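Written below as structure tokens is the structure these notes are about.
The values are calculated or read from the model by the stated rules, or taken from the named source; none is laboratory data. No experiment lies behind these values; they were computed from the predicted model shown. Glycine gets a Cβ as well: all are built from the backbone with ideal geometry, and neighbour counts include every protein chain shown. Calculation scope for accessible area: heavy atoms of the full protein, side chains included, ligands and nucleic acids excluded. Shrake-Rupley method; radii C 1.70, N 1.55, O 1.52, S 1.80 Å.
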Amino acid sequence: MQNRINLNNQLIQKLEETAQAIYKSWFVDFEFPSPLNSPPLEGCPQDGVVNMPQPDHQDGVVNMPQPEPQDPPKLKRNAVNYFSLPYNPELRQRARDLRKAGNLAEVLFWKQVRNKSFKGLDFDRQKIIGNYIVDFYCPNCQVVVEIDGASHNDKQDYDARRNEYLKSIGLTVIHFTDYEVKENIDSVMQFLDVHPAMNLDGVDKSNQQVTQGVNASGRFDHPVLRTPLQRRGMPQSGYKSSGGEMVWNEELEKEIPEGWRVGTVADLCEYSSQRISINELSLDNYISTENMLQNRGGIVQANNLPNTGSVIKFEIGNILISNIRPYFKKIWLVNFNGGCSNDVMCFSPNKNVPPLYLYQILEKDNFFDYVMAGSKGTKMPRGDIKWIMNYETVIPSNDLLEKYSRTTQVFQRDIQIKKSENQKLTELKELLLSKLATNNN
């Protein structure tokens, strides 16, 4: 039972890290997806067939040559040829032997992805890339999946070098432990299902066609080809690095994407002052500053309720922030309806603002530093609502916010599912331990 709780916590951490990476990529680095950064596609002659010449060999590694220029430049991607993955032919027999041997974790994972059974994506098993053999490779998404067993325990340096090499040629590397796959394959597949690198927005990009991205010589000259992979789970480039229009903003004294503006928290949400009767609440859905955890730790169950009266009402998707000593950074993205004490601030996102987007603005250190700068009181400082609502931030277009909402809503859902499951497992564990202690007495 504890192993399942630990595995859920690992999955929650991975989901939260990925969501944070998306936010940073899109809204801090300005590398959000746009028509400008569609991946370059590979040229094919008629009938979509490329007759590749014999590869050249260098130091045992084969570098597949580029296809000859084709005319007209209306192109169709071939994922494997597009990446021109180098490989060492001397490793072929070794790869065959590994496929035949297959440890239990690899067999379990292979059953989940073989024959395009996972999201319709192709997976190769024991794929040779350069001088390495990776466990699984998905050419549609350019993703390597590695399942790390005990043999990896003393190979950290080797694994680090291999990861760097794979990333250097534009691949995303995702690691799972042998234990995770064998003990909870469903959670592993769920994590992959929501991972940005494994999502193509329902589009098979291997069949997309474009008429740009080829220079006069017929070679690809799209900015994406010149941009290194940014981070795990992120596309190879985005708006800014693909040549998106940037404009100078005097207020921020830096460039921001064209069409974006500088606004305030008040442009993104409302400070909620709706009330709810104490009679409608229980310990399970009442929040006070006492049962909010420091450093963005979320909440725990309340110990008591106010005797009478009413408190502030909150709803799913609101953000609660403790207003006593804001430097404790007590903040929570709400996942159930309830009520909170007057010492807790409730922010309700505007209709077009994704709750997770607002949360990721308000949970930043810069925001809490700003709140403290305008706080009142010395021993027990409290934030000033008017001051807080004037906190400045860059606001993107509504279309991008909608796309961000679609991208991250799965993360929110699965995080809450795992947290709820852990709460039930913890309660069950405590009940069993209590009964065990009673029986021993």
Problem set entry | Solvent-accessible area of Lys376 with every protein chain in place, 1.4 Å probe, in Å² to the nearest 10 | 130 Å²
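Near Arg382, within a Cβ-to-Cβ distance under 9 Å, what is the net charge of the other residues, with Lys and Arg +1 and Asp and Glu -1? Mind showing how you got there, number by number?
Values: positive: Arg325, Lys376; negative: Asp343, Asp384.
Taking every Cβ under 9 Å from that of Arg382, the sum is 0.
For Phe27, Phe136, Phe328, write out the residues from largest to smallest accessible area, computed with a 1.4 angstrom probe and no ligands counted.
Numbers: Phe27 20, Phe136 0, Phe328 55 Å².
So the residues, ranked largest to smallest area, are Phe328, Phe27, Phe136.
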For this session: Kindly write out, for region 108-114 in residue order, the coupling ³J(HN,Hα) from the Karplus curve 6.51 cos²θ - 1.76 cosθ + 1.60 (θ = phi - 60°), rounded to whole Hz, with x marking Gly and Pro.
Result: 4, 5, 4, 5, 7, 10, 5
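Considering the convex hull of the alpha carbon atoms of region 299-426, report its projected area averaged over all viewing directions, in nm², one decimal. Please report the intermediate quantities before stating the final value.
On the way: hull surface 38.0 nm².
Its average projected convex-hull area is 9.5 nm².
Of Lys313/Lys376; Lys24/Lys364; Lys24/Lys386, which sit over 20 Å apart, Cα to Cα? Mind dumping the intermediate values first?
Details: Lys313/Lys376 24 Å; Lys24/Lys364 11 Å; Lys24/Lys386 27 Å.
With Cα atoms farther than 20 Å apart: Lys313/Lys376; Lys24/Lys386.
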Problem set entry | Projected-area average for region 394-441 over all orientations - Cα convex hull basis, square nanometres | 4.6 nm²
Exercise. Using Cα-only point scatterers and the Debye equation, what is log10 of I(q)/I(0) for region 262-359 at each q in 0.15, 0.18 Å⁻¹, rounded to two decimals?
Worked result: -0.55, -0.78
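Where the accessible area of region 106-185 is counted over protein heavy atoms with a 1.4 Å probe, how much of it, in %, is carbon and sulfur?
Values: 1550 of 3560 Å².
Heavy-atom surface of region 106-185 belonging to carbon and sulfur, 1.4 Å probe: 43 percent.
Summarise the accessible area of region 255-403 (1.4 Å probe, protein heavy atoms) by the percent that is carbon and sulfur. Kindly include the intermediate steps, with their values, before the conclusion.
Working: 3180 of 7250 Å².
Solvent-exposed carbon and sulfur of region 255-403 make up 44 percent of the total.
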For this session: Quick one: go through region 311-343 and flag any residue whose amide nitrogen is under 15 Å from the point 7 Å out along the Cα-to-Cβ line of Gln274.
Result: 311-320, 334-340
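Which of rounded, prolate or oblate describes region 296-337 when judged by the alpha-carbon gyration tensor and an a/c cut-off of 1.5? Write down the numbers at each step before the final one.
Details: a/c = 1.71, a/b = 1.26, b/c = 1.35.
Verdict is oblate for region 296-337.
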Problem set entry | Amide H contacts of Gly297 (H built 1.01 Å from N, under 5 Å, at least 5 apart or other chain) | Ile331
For this session: Give the ranking of Lys424, Lys329 by solvent-accessible surface, highest area first, calculated with a 1.4 Å probe.
Result: Lys424, Lys329
Problem set entry | Accessible area of Thr264 in the full protein assembly, 1.4 Å probe (Å², nearest 10) | 30 Å²
Exercise. In a shell of Cβ-Cβ distance under 15 Å around Leu358, excluding Leu358 itself, what net charge do Lys and Arg (+1) and Asp and Glu (-1) give?
Worked result: -3
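Just to confirm, what accessible area per residue do you get for region 332-375 at 1.4 Å probe, in whole Å²? Don't skip to the end; give the middle numbers.
Working: 1540 Å² over 44 residues.
Here the residues of region 332-375 average 35 Å² of exposed surface.
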Exercise. Cα-based Rg (one decimal) and Dmax (whole number) for region 350-407, in Å?
Worked result: 14.0, 44
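Rounded, prolate or oblate for region 97-171? Axes are the square roots of the Cα gyration tensor eigenvalues, ordered a ≥ b ≥ c, and the cut-off for rounded is a/c under 1.5. Intermediate values should be presented prior to the final figure.
Numbers: a/c = 2.07, a/b = 1.23, b/c = 1.68.
It comes out oblate by the Cα gyration axes.
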For this session: Note down the accessible area of Val181, probe 1.4 Å, to the nearest 10 Å².
Result: 0 Å²
For this session: With a ≥ b ≥ c taken as the square roots of the eigenvalues of the C-alpha gyration tensor of region 359-441, please select rounded if a/c is under 1.5 and otherwise prolate if a/b is larger than b/c or oblate if it is not?
Result: oblate
